[in-house]
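The values are calculated or read from the model by the stated rules, or taken from the named source; none is laboratory data. All of these numbers come straight from a predicted model, not from anything done at the bench. Here the Cβ is made from the backbone with ideal geometry for all residues, glycine too, and neighbour counts use every protein chain on show.
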Amino acid sequence: MKIKDYFKVNFQKPEISDSISKLIKKKTDLKNQLDFCYSRLESVEICNSNSKSADALILANYLIVDILNLSLLYLDKSPISILDNWKVTVQSLPDTKLAESFNNPILVLESNEQEDYKADNVEFSLANLLDSIERYIFKINKLKLQNPVDEFKKKLFIQLAAGIIIVSSILFLGIRKYNEIKPMKNDSAKLYFMNEQSKIPIYQNLVTTQVTPSMTWQDVSFVLENPSDVKDIKIEPVHQNKAKIQIKSVKYLDANKNTIYERDFKINAAGIIENTPTNELCCLEDLKIGRLIPGKYLELESTNINPSFYIKVEPLQNVKEIILSLRYIKNVQKFTD
């Protein structure tokens, strides 16, 4: 069948003649016989693994006959039994390739010389023999067993696989496109403050407030429950993917609204923020740096739904409120100022 024919939609089953029916039955019988041989080989392996070499050798003689019957079935010949001389049958095989596969001397197991052979070598030899016969019948000569039903099943499989790939691609592209065009929504911003008592973000030091997508700046206020010492802070500005976030400044206030410390995040002529070793914005998580335009403020883009960053400062005392000036929009948009 040509490649293009596999993609022609037609669910009508092929007509099956008597000859095709016999071919299908023969292929089914061959596969059943092959499974039976592998089952017998597994029994030999189990006996060897349990140090029952004598039992393994007895089963090996049966397995040789099973494999030979697989070959005879392929050649449309009558099967033999364990009582028949399998070596004589091999010599009469009309297919020389099949006959040559049985020429391994380890397979010749006479009753008076079984003790001279190691069962594991026999097992290895039989496994190779079975593999050789399987490849010869089902791979090298597979065209002799091909039939319209196999082609029909292969065609259905290819069409189903292609359909799944196409539908999956459409869904992936649709979800991706939706994520690109869906608008930003109102969100909650989170702030964790740290100090000498709590050097990592903990739930007890969490402050939450609301933020709104906008082109204009908004002062986001995080009011601490009690005036506290603050060293570093962790900010989760939004909880949305593909958000463009611009950070303008941060300010720390005491309980009387007096400024304890403040700084901005303007980009200088070199394209970097004017940070000092102890006053920096760092440790971006699920964020990437956006455009760095001199004279503008730091721009970030979220790459997942939980973006965050840290602001490191010198230890501050009696901080009651932290105000972060920011704004956020969809990443396909641009801030106009």
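Restricting the stretch 323-337 to residues that are hydroxyl-bearing (Ser, Thr, Tyr) and buried (at least 18 other Cβ atoms within 10 Å of the Cβ), the residue that is farthest from the chain's Cα centre (by Cα) is Ser325.
Does Ile175 satisfy the condition of being assigned by TED's automatic domain parsing to the domain that holds Asn241 and under 37 Å from the mean Cα position of the chain (by Cα)? Criteria not met by Ile175. Only residues that are among the hydrophobic types (A, V, I, L, M, F, W, C) and at pLDDT 75 or above were counted across the stretch 5-26, and they come to 3.
Please verify whether Lys312 is basic (Lys, Arg) and either part of a strand (DSSP E or B) or modelled with pLDDT of 90 or more (or both), treating the condition exactly as stated. First the steps, then the outcome.
Details: basic (Lys, Arg): yes; either part of a strand (DSSP E or B) or modelled with pLDDT of 90 or more (or both): yes.
In short, yes.
Looking only at residues of the stretch 86-130 that are outside any helix (DSSP H, G or I) and acidic (Asp, Glu), we find that the one that is modelled with the lowest pLDDT is Glu113. All told, Asp219 falls short of being surrounded by fewer than 16 Cβ atoms within 10 Å (Cβ to Cβ), of a type in the set (Asp, Glu) and in contact with a Pro (Cβ under 7 Å, 6 or more places away or on another chain). Checking Thr212, Thr216 one by one, the residue that is free of Cβ contacts under 8 Å to residues at least 40 places away in the same chain and more than 33 Å from the chain's Cα centre (by Cα) is Thr212 and no other. Among the conditions (1) in the same structural domain as Thr303 (by TED's automatic domain parsing); (2) over 24 Å from Phe265 (Cα atoms); (3) of a type in the set (Ser, Thr, Tyr); (4) surrounded by 10 or more Cβ atoms within 10 Å (Cβ to Cβ), Tyr203 misses just one, which is (4).
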